[in-house]
Structure formats: C-alpha cells, structure tokens
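The values are calculated or read from the model by the stated rules, or taken from the named source; none is laboratory data. Bear in mind the structure is a predicted one, so any value in this text is a computation, not a measurement. Methodologically, a virtual Cβ is constructed for each residue, glycine included, from the backbone with ideal geometry; neighbour enumeration extends over all protein chains shown. Heavy atoms of the whole protein, side chains included, go into the accessibility calculation; ligands, DNA and RNA do not. Shrake-Rupley method; radii C 1.70, N 1.55, O 1.52, S 1.80 Å.
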Amino acid sequence: MLRFVGVTKQYLYGARLFGALDLTVADGEIIAVYGDEGAGKTSFLKTAAGAEECEGEVLLDGKKVGGRTDDVIMVFEDGAVFKWRTAFDNLAYPLKLRGTDKVEIASRVLAAAEKTGIGGVCLNLRARSLSAAERRRMSLARLFLRDAKLLVIDEPTAGLSRKEAESLWSDVAPLLKEKAAQGVTVIYSTSSREEALSICDRLVVLHNGEVKQIASVPEILRDPENVWAAQAVDGNYNYEKCLLSDENGALNIVFRNGKRISAEVFRGKIAEGYVGKEVLCGWYPTKSATACGSAREGFSERVVYSVADRYGRTLTTKSGLRTRSDADAETADAYPCEDGFALFDATNENSITK
C-alpha cells in the first residue's frame, strides 16, 4: 500500500504543489495523473517514487519510499538512456547493479524487450541509432525486468506521433494491467485524455500544481468537484454563466439568453449565499432532446460545426455549446436536462453543492 501523508512540494522560487495531500493507493491499483504541460505531473511522480524531497511523507507498506530501489521501478520522460550503449546494455544495466547472473540477465532482457516490441536486431543497436519510438519502448521494457511493488511511469508516449503513441500504448497498457492484477501498484502520468482514462482505477487531476480531484471516472462523471475535473474526463464539457434564481417557489437557472431550466433537484443542496447570484452551470454533451424525453421548444439552435468520431458525431451550436448525435443535423438542443447539470462558483469554478 502506498500512502501520501500531508505531502507538499516546496520550490525555492515559492511554488507549493499538491496542498498537503493525503492519499492512499491500494496494492494493485492503477492511478493515472492527468494534466497539461506544467501541471506538476512529473513532480508528483518523482515525489511518489521518493526521487524528490517533500514535506510530509510518502510511505510504501508503512516505510518511507525514498531509497527503496528494489521495491520501485521508475521510468521518466527522458528515459535515462545511455545513448552510446546498445539497447541490450541499457536494459541489462540495472540488473548488473544488483549482481544478477549473466545468463539470468540475458533471459530477463530478452523477455522484457519482447514484451514491449524492442527485441531482435534493435537490442544490438546503440540507443542513439534507435528511433524515438524504439527508445521509448526500450525505456518502458525496464518495467518488466524484475519484480517490484510500485511502478512509476512519466508520460509513457511523450514526444511520439499520434500513430506511434497509440501503437505503443496499445502494447504497454495491457502489460500494466497484468502487473496490477498481480498486486503491483501502478502510477503513470499523461497529458493524453485517452491514455488517462483507458486503464486507470482512479484519476488524479492536476492543474498548476493543484490537485483538482482524485476519483474514479464514473465518480467524476457523476459528481465533478470542479470544472477542471469535468473537462479531464470529457474535453467537450459545457459550462456557461447563469443566474441561480428562486422566485415564486421555483428554483431555476437562467442563462444569459433568457433560457430557463428548473434546478429544483438542487433545493437544499446548494451552499449558502449563491441563490440570486451568478454561477456556472456545467454539463456533459449528451443527446439532449432525447435524454430529456422530447424536443424542447425554444432550445434548439443552429449547428455551426460537426465532427465525427468513433461514437457518432459532436455538434457545436451557434452559442458554442456541444451535444452528441448519431447523425449530422442542421439544428440541435445542446442544453442540459433538469437533472443533468452541475453548479460551480463563477470565480473559482469549484462545486457549490453539498
């Protein structure tokens, strides 16, 4: 079990990351750390692996993780590659440090390389002669050279083309799931939403060094703590400023264009001081008119953009709102149903519901 106890990362220039984080990660759990560039993902992973000092403690099975090199395998974005050595020698190096027998080294290196698709001729080439994708596969093969309790992987597909990244992740993701099934804890960071959501048990959403939410994807879909978390699981998440109105015994959200939707499902659940004020209304793009039971008069808008994906189409209306559809359309209702939205503070974008 991995535990973060009051963990904060302090930098000399004044930045403080993670905000006294308390987090327990179970054996065999897969954690994806998601955020854009500069969010603090690498610092989070280095702290988790004991490679950087922090305030608070990071404990692996009750003991400080720092210095426990046999229990942790770390692969960071730079790969820690010896470019003038062969791929075989790069993979053999950590085993040589541990005094592993030569025959055993050869067997383990070949098996690990085969897993990540870097076997054959590539093993005899100097690392500097390999392509970026091949070097990345070589680095990730280190995860499978020996047993460990914790695997920490920073941006597994960084710097690769989309095609290369998808190919690499399709090979490595099942291997990480196998490790987790054996009780190994896996933590990986990524700026790819697809990679983050594909195999994780829980998602750590980071932005500017702040932990926005830690939860499973279904939990975030059901109850996002802020707009950042909602956008982490769906980049098309809609949010608009509106007035939270309670008049004549009816609680409503009133958009700037005058459209009004009942908010009675939130009665008694909203933090004090927000009724009568401007708030953010956020909702996931869905097939709104169908989801709400019928077409709603006055809610349809002209579609200005349509894009196809594996699930159908995403339509964007003239207001910039997005909705899902099975087919193209000239108009669409992209507004939420009465029980299909969340409410956030208009300034800090955090949830205002209890």
> Counting only residues 5 or more places away or on other chains, whose amide H sits under 5 Å from the amide H of GLU338 once H atoms are built in the peptide plane?
Replying inline: none
>> Rounded to the nearest 5, what % of DSSP beta bridges with both residues in the range 144-251 are antiparallel?
In response: 60 percent
> If you take the square roots of the eigenvalues of the alpha-carbon gyration tensor of the range 97-227 and sort them as a ≥ b ≥ c, do you get rounded (a/c under 1.5), prolate (a/b over b/c) or oblate?
Replying inline: prolate
>> Using each residue's phi in the range 302-312, evaluate 6.51 cos²θ - 1.76 cosθ + 1.60 at θ = phi - 60° and report the 3J(HN,Hα) Karplus result to the nearest Hz, with x for Gly and Pro.
In response: 5, 7, 10, 7, 9, 9, 8, 9, 5, 9, x
> What FRET efficiency do you get for ASP223 and ASP78 if R0 is 45 Å and r is their Cβ-Cβ distance, rounded to the nearest 0.05?
Replying inline: 0.75
> Once phi is turned into θ = phi - 60°, what whole-Hz ³J(HN,Hα) does the Karplus curve with 6.51, -1.76 and 1.60 give for every residue of the range 165-171, x standing for Gly and Pro?
Replying inline: 5, 5, 5, 5, 5, 5, 7
> Say the cut-off is 26 Å between C-alpha atoms; which of LYS9/LYS96; LYS46/LYS177; LYS41/LYS179; LYS9/LYS163 go over it?
Replying inline: LYS9/LYS96; LYS9/LYS163
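Counting GluC sites (Glu not before Pro) as exposed when in a DSSP loop with at most 16 other beta carbons within 10 Å, what is the longest stretch of the chain free of them? Numbers along the way, then the final one.
Working: sites that count: GLU37, GLU52, GLU53, GLU272, GLU297, GLU330, GLU338.
The longest uninterrupted stretch comes out as 54-271.
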> Can you give the FRET efficiency for ARG267 and ASN236, using 1/(1 + (r/R0)^6), R0 = 35 Å, r = Cβ-Cβ distance, to the nearest 0.05?
Replying inline: 0.75
> Classify the range 38-163: rounded, prolate or oblate, from the alpha-carbon gyration tensor (a ≥ b ≥ c, eigenvalue square roots; a/c under 1.5 rounded; otherwise prolate if a/b is larger than b/c)?
Replying inline: oblate
> What percentage of the solvent-accessible surface of the range 307-354, computed with a 1.4 Å probe over protein heavy atoms, is contributed by carbon and sulfur atoms?
Replying inline: 41 percent
> Residue-wise, which Karplus ³J(HN,Hα) couplings in Hz belong to the range 106-115, taking 6.51 cos²θ - 1.76 cosθ + 1.60, θ = phi - 60°, and x for glycine or proline?
Replying inline: 4, 5, 5, 4, 4, 5, 5, 5, 4, 4
> Which distance in nm do the two modelled labels at GLU104 and ASP27 give, with both placed 7 Å along the Cα-to-Cβ direction?
Replying inline: 2.2 nm
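Longest span of the chain, sites excluded, free of chymotrypsin sites (Phe, Trp or Tyr not before Pro) in DSSP loop with at most 10 other C-beta atoms within 10 Å?
Between the exposed loop sites, the longest stretch runs 85-310.
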> What number, in percent, do you get for the relative contact order of the range 309-354 if the mean sequence gap of Cα pairs under 8 Å and at least 6 apart is divided by its residue count?
Replying inline: 24 percent
>> Suppose all protein chains stay in the model; what accessible area per residue would a 1.4 Å probe give for the range 72-197, in Å²?
In response: 48 Å²
> What number, in percent, do you get for the relative contact order of the range 155-252 if the mean sequence gap of Cα pairs under 8 Å and at least 6 apart is divided by its residue count?
Replying inline: 15 percent
> Percent relative contact order of the chain, based on C-alpha pairs within less than 8 angstrom and at least six residues apart?
Replying inline: 16 percent
>> I want the antiparallel fraction of DSSP beta bridges within the chain, as a percent rounded to 5.
In response: 75 percent
> For the pair GLU166 and ASP61, how long in nm is the line joining their label points, each one 7 Å along Cα→Cβ?
Replying inline: 4.1 nm
>> Quick check: from the Cα gyration tensor, does the range 131-192 come out rounded (a/c under 1.5), prolate or oblate?
In response: prolate
> Looking at the range 77-186, which trypsin sites (Lys or Arg not before Pro) are in a loop (DSSP not H, G, I, E or B) and have at most 13 other Cβ atoms within 10 Å?
Replying inline: LYS83, ARG98
>> Taking amide H atoms as placed 1.01 Å from N in the peptide plane, list the residues 5 or more away in sequence, or in a different chain, whose amide H sits under 5 Å from that of VAL33.
In response: TYR188, SER189, THR190, VAL204
> Near the amide H of VAL81, under 5 Å away, which other amide H atoms are found, from residues 5 or more places off or on another chain, if H is placed in the peptide plane?
Replying inline: none
